[in-house]
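Participant: Could you have a look at this structure, given as structure tokens, before my questions?
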Amino acid sequence: MTTIQDRPLPGLLPGLSIAYGRPHRDGAVLDLFTSWARRTPDAPALIDGALTLSYAELDRLADEIAGQLAGRVRPGDLVGLCLDHSAALVAATLAVARIGAVHLPLGPRPGERRLRAVAEQLRPVCLIGDPALLPPAHRDGRHHPVTAPGATGIVAAFAEAADGAGTDGAEAVRAPRGTQYTVLTSGSTGLPKAVAVGQTALGALLTWYRELTGLGPGDRHSLLIGVSFDPHLMELWAGLTSGAALCVAPEAVRWDPAALTDWWRTAGITVGVLPTPLAEPVLDRPWPADLPLRHLTVGGDRLRRTPGPDVTATVHNAYGPAEATVTTTVHSMAPGAEHGAGAPPIGRPVPGAIVLVADENGRPLPRGEAGELRIGGQGLAIGYLDAELTAERFVSAPDDLDGTDRVYRTGDRVLMRADGVLEFLGRLDDQVKVSGVRIEPAEVEAALERDPRVRRAAVVARPAPVGGVQLLAFAQPVTEGGPVDGAELLAAVRPWLPEQAVPSVLRLVDGFPLDANGKIDRAALLKAEEAEAQQGAERAAGAGAEGAATPTERTLLRICTGLLGRTDLDPADNFLDAGGTSVTAARLLAALEEEFGVRLKAPVLLRQPDLRAVARLVDERRPGAAAG
């Protein structure tokens, strides 16, 4: 487990909110994979259902893809991967690194308009994915087939001419020297920010993670985190640089805690990573016996509970923004120990990290006082692919802070206890986390306002009924053009946004309340929404019951009303269209099992056209129960 050294700080008094991780060890990334491919060529490197690739086979596949990209992709070029977890994704990631290019993970369905905006903003030299899902410049450009086991129709698509200029003559964006990968985070301008992370920072992170978990040959590590979410890079490279096998998680386990733990057992997963919104329902359930899982790292959002005494894995509560290479602090909870009630702390800095709790002027605060968390040290990203954004968030370190000349302003409000352990308290700005992903409400507002039917939009966050945060959107339609439907606006905004940023509810308003400074009064919007929700609940108590034809439908409506925070649900509503997400789907599956003793699989649930069909399915699966 990571320890901490509170070294004397020149010019600073003892007891300040500054802590240092122990000295870090540098680590290779690509070279370590190559080393394992030579030392253990026949060992499994990637397992995806019935498909298993050895280290030697994966190494050859990466070479083949690198050869297909060679000559058109240079060191420092951005290569976007529009792929889901697969052999093609892993091999392409290796191939991009082998060329010295910069990996930009976008995921299989980043949203058509969002992907087009990214392509126009960053102008990646190449996008790898299904050509039908690529933006026009790449869809209509030159294609080279990418062959990989289990993959069909995947191409490397080039939108630019051989001289590196875009199809419109603009120059492609190039990452700074030493960049290993670039990930996107939410931006207040309405466009995502691209964070450039260096090879040395990733190498140091992987060295720490392998030491923390003991990951090595014979282990099986899950490959589950969403491709566009930066912890994905930690799990992918951790497996490839340790001699362990990466195991691709089936789609169903990303929605269903019971299916997830069953898969851990059948796949023999020994080390894994989970996003907080999925980890919490797993920890809420009785821990299954005989799981081989030794270490579980949880991150992406505030963990609100500690593992119970029945949990047999060490659970690591990790914290870290993409701008500091996935993980900055960690709090480890050993199995069988008493960890207290409530939210666990986010812990102490990992090796090479420096953490500082600062006042509004950037000066260190005494321990026990809340302030902004600022991060320095080995794990800092190189910066954004935008010099102005970099200068705004990566600032000079306080005088005499040892070991770093710059710090990243996280915008997170924390407190450092007397023992040097950090507790997370929330955000200082408007940024929120939804299902573990940082979201700027301004980005969602900008996406809504792109629609010509919307004059102005406001997005606010409130606690979700099942924990976490829920986004509510308020849109003022233009007066011309006829009536506007809120569901249509939500459908139109989806292609601009990642799934987590799509509002759960959209309300149409005639205008917005303003505060004393002439700004939209979001507190007043929430208050009005709560009043409307209360009235809706009273109406739904009668209307929902009348609309429901069976006791199962009535119970299902009650459960979904609580999960989605919607009081206007009808049996004819589709669960996803009504605001359902992967998190609420997992909660719904658990509630159905508890209420009716029926265990459904997530894909089956999500295929149902409406809630009435879900209720009918539940009735059909209930042993000895008759519908109605």
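The values are calculated or read from the model by the stated rules, or taken from the named source; none is laboratory data. Keep in mind it's a predicted model, so treat the numbers as computed, not measured. Here the Cβ positions follow ideal geometry from the backbone for every residue, glycine too, while neighbour counts run over all protein chains shown. Surface areas here come from the heavy atoms of the whole protein model, side chains and all, with no ligands, DNA or RNA. Shrake-Rupley method; radii C 1.70, N 1.55, O 1.52, S 1.80 Å.
Participant: Given the C-alpha centroids of segment 249-265 and segment 42-68, what is the distance between them in whole angstrom?
Facilitator: Result: 24 Å between the Cα centres.
Participant: If packing is taken as the average count of other Cβ atoms within 10 Å, what order do 273-280, 149-156 fall into, highest mean first?
Facilitator: 273-280, 149-156
Participant: Sort the following peptides by mean Cβ neighbour count (other Cβ atoms within 10 Å, averaged over residues), highest first: 238-248, 602-612, 451-461.
Facilitator: In decreasing order of mean packing, 238-248, 602-612, 451-461 become 238-248, 451-461, 602-612.
Participant: Additional query: Measuring from label point to label point, each 7 Å out along Cα→Cβ, what is the Arg427 to Ala523 span in nm?
Facilitator: So the two model labels end up 1.8 nm from each other.
Participant: I would also like to ask the following. Determine which residues of segment 210-230 fall in the zone a paramagnetic label at Thr52 would reach in this model, i.e. backbone nitrogen under 17 Å from the point 7 Å along Cα→Cβ.
Facilitator: 217-223
Participant: For all pairs of alpha-carbon atoms in segment 274-397, what percent lies in each bin of width 5 Å, listed from the first bin to the last filled one?
Facilitator: Taking all Cα pairs of segment 274-397, the binned fractions are 2, 10, 17, 19, 17, 13, 10, 7, 4, 2, 0 percent.
Participant: What ³J(HN,Hα) values, in whole Hz, does the Karplus curve 6.51 cos²θ - 1.76 cosθ + 1.60 give for segment 284-289 when θ = phi - 60°, with x put for Gly and Pro?
Facilitator: 6, 8, x, 6, x, 6
Participant: Right, another one. Taking the Cα centre of each part, how many Å lie between segment 568-609 and segment 326-346?
Facilitator: Measuring centre to centre over Cα atoms gives 31 Å.
Participant: Let me ask something else. Which order do you get for Lys433, Lys601 if you rank them by accessible area with a 1.4 Å probe, largest at the top?
Facilitator: Descending order: Lys601, Lys433.
Participant: Just want the answer: with Cβ charges of +1 for Lys and Arg and -1 for Asp and Glu, which residue in Leu588, Ala119, Ala324 is farthest toward the dipole's positive end in the chain?
Facilitator: Ala324
Participant: Could you work out the relative contact order of the chain? I mean the mean sequence separation of Cα pairs under 8 Å and 6+ apart, divided by the number of residues, in percent.
Facilitator: 12 percent
Participant: Calculate, for segment 43-124, the solvent-accessible area per residue in square angstrom, rolling a 1.4 angstrom probe over the heavy atoms of the protein chains.
Facilitator: 33 Å²
Participant: Just the accessible area for Arg522, please: 1.4 Å probe, Å², rounded to the nearest 10?
Facilitator: Arg522 has an accessible surface of roughly 80 Å² with all protein chains in place.
Participant: Using heavy-atom solvent-accessible surface (probe 1.4 Å) with all chains present, what is the largest-first order of His221, His143?
Facilitator: My answer, sorted largest first, is His143, His221.
Participant: Tell me, what ³J(HN,Hα) does each residue in segment 561-568 have, in order and in whole Hz, if you take phi through Karplus 6.51 cos²θ - 1.76 cosθ + 1.60 with θ = phi - 60° and put x for Gly and Pro?
Facilitator: Karplus-based 3J(HN,Hα) across segment 561-568 equals 4, x, 5, 9, x, 10, 9, 10 Hz.
Participant: Within the chain, what percent of beta bridges assigned by DSSP are antiparallel, to the nearest 5?
Facilitator: Once the DSSP bridges in the chain are tallied, antiparallel ones form about 70 percent.
Participant: Rounded to the nearest 20 Debye, what is the dipole magnitude of the chain about its Cα centre when Lys and Arg each give +1 and Asp and Glu each give -1 at the C-beta?
Facilitator: Result for the chain is approximately 740 debye, rounded to the nearest 20.
Participant: Compare the Cα positions of Thr390, Gly362, Pro345 along the charge dipole of segment 332-430 (+1 at Cβ of Lys, Arg; -1 at Cβ of Asp, Glu; about the Cα centre) and return the one farthest towards the positive end.
Facilitator: So the residue we want is Pro345.
Participant: Just to check I understand the Karplus step: with θ = phi - 60° and J = 6.51 cos²θ - 1.76 cosθ + 1.60, what whole-Hz values come out for segment 484-492, glycine and proline as x?
Facilitator: Values, residue by residue: 10, 9, x, 5, 5, 5, 5, 4, 6 Hz.
Participant: For log10 I(q)/I(0) by the Debye sum over Cα atoms at q = 0.05, 0.06, 0.09, 0.10 Å⁻¹, several values are listed as [x] -0.23, -0.33, -0.77, -0.96; [y] -0.31, -0.45, -1.03, -1.23; [z] -0.30, -0.42, -0.86, -1.02; flag the one computed from this structure.
Facilitator: Computed from the coordinates, log10 I(q)/I(0) by the Debye sum over Cα atoms at q = 0.05, 0.06, 0.09, 0.10 Å⁻¹ corresponds to [x].
Participant: Further question: What residues have an amide H closer than 5 Å to that of Arg456, excluding those fewer than 5 places away on the same chain, when H is modeled at 1.01 Å from N in the peptide plane?
Facilitator: Counting only residues 5 or more places away or on other chains, the set is Gln476.
Participant: Now for a different question. Once you keep just the Cα pairs under 8 angstrom separated by 6 or more residues, what percentage relative contact order results for segment 279-331?
Facilitator: Relative contact order of segment 279-331: 32 percent.
Participant: Rounded, prolate or oblate: which fits segment 175-276, taking a ≥ b ≥ c as square roots of the Cα gyration tensor eigenvalues, rounded meaning a/c under 1.5, else prolate when a/b beats b/c?
Facilitator: Oblate shape, in that a/c is at least 1.5 and b/c is the bigger or equal ratio.
Participant: Using a/c under 1.5 as the rounded threshold, could you call segment 435-496 rounded, prolate or oblate? The axes a ≥ b ≥ c are square roots of the C-alpha gyration tensor eigenvalues, and prolate needs a/b larger than b/c, oblate otherwise.
Facilitator: Judged from the Cα gyration tensor, segment 435-496 comes out prolate (a/c at least 1.5, a/b above b/c).
Participant: Determine the gain in length on full extension of the stretch Arg450-Asp84; use 0.36 nm per residue of separation and subtract their C-alpha separation, reporting nm with one decimal.
Facilitator: Result: 128.9 nm gained on full extension.
Participant: Something else now. Sorted by average packing, counted as other Cβ atoms within 10 angstrom per residue and highest first, what order do 563-570, 343-350 take?
Facilitator: Taking the mean over residues of other Cβ atoms within 10 Å, the ranking is 343-350, 563-570.
Participant: Okay, next question. Using a/c under 1.5 as the rounded threshold, could you call segment 317-466 rounded, prolate or oblate? The axes a ≥ b ≥ c are square roots of the C-alpha gyration tensor eigenvalues, and prolate needs a/b larger than b/c, oblate otherwise.
Facilitator: Oblate.
Participant: Take Asp610 and Glu369, extend 7 Å from each Cα along the Cα→Cβ direction, and tell me the distance between the two endpoints in nm.
Facilitator: With each label point 7 Å from Cα toward Cβ, the separation is 6.0 nm.
Participant: Now, a different point. Relative contact order for segment 36-152: what percent, with Cα pairs under 8 Å and sequence separation of 6 or more?
Facilitator: With pairs under 8 Å counted, the relative contact order is 25 percent.
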